[in-house]
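Just below is one structure, and these are the notes that go with it.
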Amino acid sequence: MPVPVTPSPASAPAPALSAGRVLPVAALCGAVTGVLLGGPVAALVLATYGVLAARAVLRRRTHRRAALAHRRDLDRLAAVAADLRAGLPADGGVDDGPGRVARLARAAGKLADQTGAPLADLLERIEADARAADRGLAAAAAQAAGARATAWLLAALPLGGIGLGYGIGVDPVAVLLRTPVGAGSAVAAVVLQVGGLLWAERLGVTPGRAA
(Lines give C-alpha, C1' and ligand atoms only; values in the text may rest on other atoms or scores of the structure.)
Protein backbone atom coordinates (compact mmCIF):
# COMPACT_ATOMS: atom_id res chain seq x y z
CA MET A 1 0.00 0.00 0.00
CA PRO A 2 1.65 3.23 -1.06
CA VAL A 3 1.90 6.10 1.36
CA PRO A 4 -0.67 8.81 0.52
CA VAL A 5 0.93 11.96 -0.80
CA THR A 6 -0.39 15.46 -0.29
CA PRO A 7 1.34 18.78 -0.83
CA SER A 8 3.07 20.15 2.24
CA PRO A 9 2.74 23.88 2.96
CA ALA A 10 6.15 23.89 4.63
CA SER A 11 7.94 22.42 1.64
CA ALA A 12 5.93 24.07 -1.12
CA PRO A 13 7.87 26.60 -3.16
CA ALA A 14 7.69 29.97 -1.47
CA PRO A 15 9.07 33.29 -2.47
CA ALA A 16 12.51 33.10 -0.88
CA LEU A 17 15.50 35.34 -1.07
CA SER A 18 18.22 33.58 -3.03
CA ALA A 19 21.87 33.86 -2.07
CA GLY A 20 22.71 34.63 -5.69
CA ARG A 21 20.64 37.80 -5.44
CA VAL A 22 21.08 38.87 -1.85
CA LEU A 23 24.86 38.51 -1.49
CA PRO A 24 25.78 40.74 -4.45
CA VAL A 25 23.31 43.38 -3.25
CA ALA A 26 24.79 43.24 0.27
CA ALA A 27 28.30 43.54 -1.16
CA LEU A 28 27.30 46.48 -3.36
CA CYS A 29 25.57 48.32 -0.51
CA GLY A 30 28.58 47.80 1.75
CA ALA A 31 31.00 48.93 -0.95
CA VAL A 32 29.02 52.08 -1.77
CA THR A 33 28.70 52.95 1.93
CA GLY A 34 32.42 52.36 2.44
CA VAL A 35 33.40 54.55 -0.49
CA LEU A 36 31.21 57.37 0.79
CA LEU A 37 32.49 57.08 4.36
CA GLY A 38 36.15 56.22 4.06
CA GLY A 39 37.44 55.26 0.64
CA PRO A 40 38.40 51.99 -1.05
CA VAL A 41 39.66 50.19 2.06
CA ALA A 42 36.44 50.95 3.90
CA ALA A 43 34.51 49.79 0.82
CA LEU A 44 36.29 46.43 0.86
CA VAL A 45 35.80 45.97 4.60
CA LEU A 46 32.11 46.92 4.62
CA ALA A 47 31.36 44.87 1.50
CA THR A 48 32.92 41.81 3.15
CA TYR A 49 31.03 42.31 6.39
CA GLY A 50 27.83 42.92 4.47
CA VAL A 51 28.20 39.61 2.64
CA LEU A 52 28.97 37.78 5.90
CA ALA A 53 25.92 39.25 7.61
CA ALA A 54 23.59 38.53 4.68
CA ARG A 55 24.94 34.99 4.39
CA ALA A 56 24.36 34.35 8.09
CA VAL A 57 20.76 35.58 7.85
CA LEU A 58 20.06 33.45 4.78
CA ARG A 59 21.56 30.33 6.33
CA ARG A 60 19.57 30.80 9.52
CA ARG A 61 16.36 31.29 7.56
CA THR A 62 17.03 28.22 5.40
CA HIS A 63 17.82 26.02 8.41
CA ARG A 64 14.68 27.22 10.21
CA ARG A 65 12.46 26.42 7.24
CA ALA A 66 14.09 23.01 6.75
CA ALA A 67 13.60 22.14 10.44
CA LEU A 68 9.95 23.20 10.29
CA ALA A 69 9.34 21.09 7.16
CA HIS A 70 11.07 18.12 8.81
CA ARG A 71 8.89 18.36 11.93
CA ARG A 72 5.74 18.61 9.84
CA ASP A 73 6.76 15.55 7.84
CA LEU A 74 7.19 13.59 11.07
CA ASP A 75 3.81 14.76 12.36
CA ARG A 76 2.15 13.68 9.11
CA LEU A 77 3.93 10.35 9.29
CA ALA A 78 2.57 9.78 12.80
CA ALA A 79 -0.93 10.74 11.66
CA VAL A 80 -0.82 8.32 8.72
CA ALA A 81 0.38 5.49 10.97
CA ALA A 82 -2.38 6.23 13.50
CA ASP A 83 -5.03 6.22 10.77
CA LEU A 84 -3.76 2.90 9.44
CA ARG A 85 -3.79 1.42 12.95
CA ALA A 86 -7.40 2.49 13.34
CA GLY A 87 -8.37 1.00 10.00
CA LEU A 88 -9.11 4.42 8.53
CA PRO A 89 -8.10 5.67 5.11
CA ALA A 90 -4.95 7.73 5.37
CA ASP A 91 -6.00 11.03 3.85
CA GLY A 92 -2.91 13.07 4.77
CA GLY A 93 0.60 11.88 4.01
CA VAL A 94 4.09 13.15 3.84
CA ASP A 95 4.89 15.47 1.00
CA ASP A 96 6.38 14.34 -2.25
CA GLY A 97 9.69 16.05 -1.65
CA PRO A 98 13.41 15.37 -1.38
CA GLY A 99 13.47 15.18 2.42
CA ARG A 100 14.83 12.07 4.09
CA VAL A 101 11.55 11.34 5.89
CA ALA A 102 9.58 11.57 2.64
CA ARG A 103 12.05 9.27 0.87
CA LEU A 104 11.88 6.70 3.65
CA ALA A 105 8.08 6.87 3.72
CA ARG A 106 7.87 6.23 0.00
CA ALA A 107 10.31 3.33 0.33
CA ALA A 108 8.21 1.92 3.19
CA GLY A 109 5.10 2.15 1.03
CA LYS A 110 6.79 0.22 -1.78
CA LEU A 111 8.11 -2.38 0.66
CA ALA A 112 4.67 -2.89 2.21
CA ASP A 113 3.16 -3.18 -1.27
CA GLN A 114 5.67 -5.81 -2.38
CA THR A 115 5.96 -7.93 0.78
CA GLY A 116 2.70 -7.33 2.66
CA ALA A 117 4.55 -5.96 5.70
CA PRO A 118 2.36 -3.79 7.97
CA LEU A 119 2.82 -0.25 6.69
CA ALA A 120 1.84 1.28 10.06
CA ASP A 121 4.73 -0.56 11.75
CA LEU A 122 7.20 0.63 9.14
CA LEU A 123 6.05 4.24 9.38
CA GLU A 124 6.14 4.22 13.19
CA ARG A 125 9.68 2.83 13.10
CA ILE A 126 10.77 5.55 10.67
CA GLU A 127 9.23 8.23 12.89
CA ALA A 128 10.79 6.86 16.09
CA ASP A 129 14.25 6.59 14.52
CA ALA A 130 14.01 10.08 13.02
CA ARG A 131 12.98 11.66 16.32
CA ALA A 132 15.78 9.84 18.16
CA ALA A 133 18.27 11.07 15.57
CA ASP A 134 16.91 14.61 15.94
CA ARG A 135 17.50 14.50 19.69
CA GLY A 136 21.09 13.41 19.15
CA LEU A 137 21.66 16.13 16.56
CA ALA A 138 20.18 18.75 18.88
CA ALA A 139 22.58 17.69 21.65
CA ALA A 140 25.54 17.87 19.26
CA ALA A 141 24.46 21.31 18.04
CA ALA A 142 24.21 22.55 21.63
CA GLN A 143 27.76 21.38 22.33
CA ALA A 144 29.02 23.14 19.18
CA ALA A 145 27.28 26.41 20.08
CA GLY A 146 30.03 27.36 22.52
CA ALA A 147 32.72 27.04 19.86
CA ARG A 148 30.70 29.17 17.43
CA ALA A 149 30.12 31.84 20.07
CA THR A 150 33.84 31.91 20.84
CA ALA A 151 34.66 32.35 17.15
CA TRP A 152 32.28 35.29 16.82
CA LEU A 153 33.70 36.84 20.00
CA LEU A 154 37.24 36.59 18.65
CA ALA A 155 36.11 38.07 15.34
CA ALA A 156 34.69 41.08 17.21
CA LEU A 157 37.88 41.73 19.20
CA PRO A 158 39.29 44.20 16.62
CA LEU A 159 36.39 46.51 17.43
CA GLY A 160 37.60 46.54 21.01
CA GLY A 161 41.08 47.44 19.79
CA ILE A 162 39.69 50.36 17.79
CA GLY A 163 37.76 51.57 20.82
CA LEU A 164 40.90 51.29 22.94
CA GLY A 165 42.78 53.39 20.39
CA TYR A 166 40.22 56.16 20.65
CA GLY A 167 40.41 55.85 24.43
CA ILE A 168 44.13 56.67 24.46
CA GLY A 169 43.65 59.64 22.15
CA VAL A 170 44.55 58.37 18.67
CA ASP A 171 42.43 57.85 15.56
CA PRO A 172 42.89 54.16 14.57
CA VAL A 173 40.26 54.32 11.81
CA ALA A 174 42.17 57.06 10.01
CA VAL A 175 45.35 55.00 10.27
CA LEU A 176 43.63 51.88 8.95
CA LEU A 177 41.93 53.61 6.05
CA ARG A 178 44.45 56.23 4.95
CA THR A 179 47.94 54.82 5.42
CA PRO A 180 49.55 51.95 3.47
CA VAL A 181 50.50 50.03 6.61
CA GLY A 182 47.06 50.54 8.11
CA ALA A 183 45.31 49.51 4.89
CA GLY A 184 47.38 46.33 4.67
CA SER A 185 46.62 45.54 8.31
CA ALA A 186 42.89 46.11 7.75
CA VAL A 187 42.78 43.85 4.70
CA ALA A 188 44.80 41.16 6.45
CA ALA A 189 42.52 41.36 9.50
CA VAL A 190 39.40 40.96 7.35
CA VAL A 191 40.88 37.98 5.51
CA LEU A 192 41.82 36.30 8.79
CA GLN A 193 38.41 37.03 10.29
CA VAL A 194 36.58 35.56 7.31
CA GLY A 195 38.84 32.51 7.25
CA GLY A 196 38.39 31.96 10.98
CA LEU A 197 34.61 32.28 10.85
CA LEU A 198 34.30 29.92 7.88
CA TRP A 199 36.59 27.39 9.54
CA ALA A 200 34.63 27.57 12.80
CA GLU A 201 31.42 27.16 10.82
CA ARG A 202 32.82 24.09 9.11
CA LEU A 203 33.92 22.57 12.42
CA GLY A 204 30.51 23.28 13.92
CA VAL A 205 28.49 21.58 11.17
CA THR A 206 26.39 18.80 12.68
CA PRO A 207 26.85 15.62 10.63
CA GLY A 208 23.86 13.63 9.51
CA ARG A 209 21.34 16.46 9.50
CA ALA A 210 18.28 15.32 7.67
CA ALA A 211 17.59 17.09 4.44
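Worth a mention:
- Chain lengthening between residue 57 and residue 35 when straightened (0.36 nm per residue, less Cα-Cα): 5.5 nm
- Overall form of the stretch 162-203 per C-alpha gyration tensor (a/c, 1.5; a/b vs b/c): oblate
- Rounded to whole Hz, the Karplus (6.51, -1.76, 1.60) HN-Hα couplings of the stretch 60-73, x for glycine and proline: 5, 5, 5, 5, 5, 5, 5, 5, 5, 4, 5, 5, 5, 4
- Whole-number accessible area per residue in Å² for the stretch 37-120, which is evaluated in the context of all protein chains at 1.4 Å: 55
- Top positive-direction residue, dipole computed over the stretch 95-209 with Cβ charges, set 191, 144, 180: 180
- Label positions at residue 159 and residue 137, each projected 7 Å from the Cα along the C-beta direction, are separated by 3.1 nm.
- Full extension of the chain between residue 65 and residue 185 yields a length gain of 39.3 nm, computed as 0.36 nm times the residue separation minus the alpha carbon distance.
- Residue 166 paired with residue 125, simple spin-label distance in nm, labels 7 Å along Cα-to-beta-carbon: 6.4
- Estimated FRET transfer efficiency (residue 145, residue 19; beta-carbon r; R0 25 Å; 0.05): 0.60
- Here the accessible area is traced with a 1.4 Å probe on the protein chains. For the stretch 39-147, carbon and sulfur cover 59 percent of it.
The values are calculated or read from the model by the stated rules, or taken from the named source; none is laboratory data. No experiment lies behind these values; they were computed from the predicted model shown. Don't worry about glycine lacking a Cβ; one is built from the backbone with ideal geometry, like all the others, and counts go over all protein chains shown. Quick note on the areas: whole protein, heavy atoms, side chains included, nothing else; ligands and nucleic acids left out. Shrake-Rupley method; radii C 1.70, N 1.55, O 1.52, S 1.80 Å.
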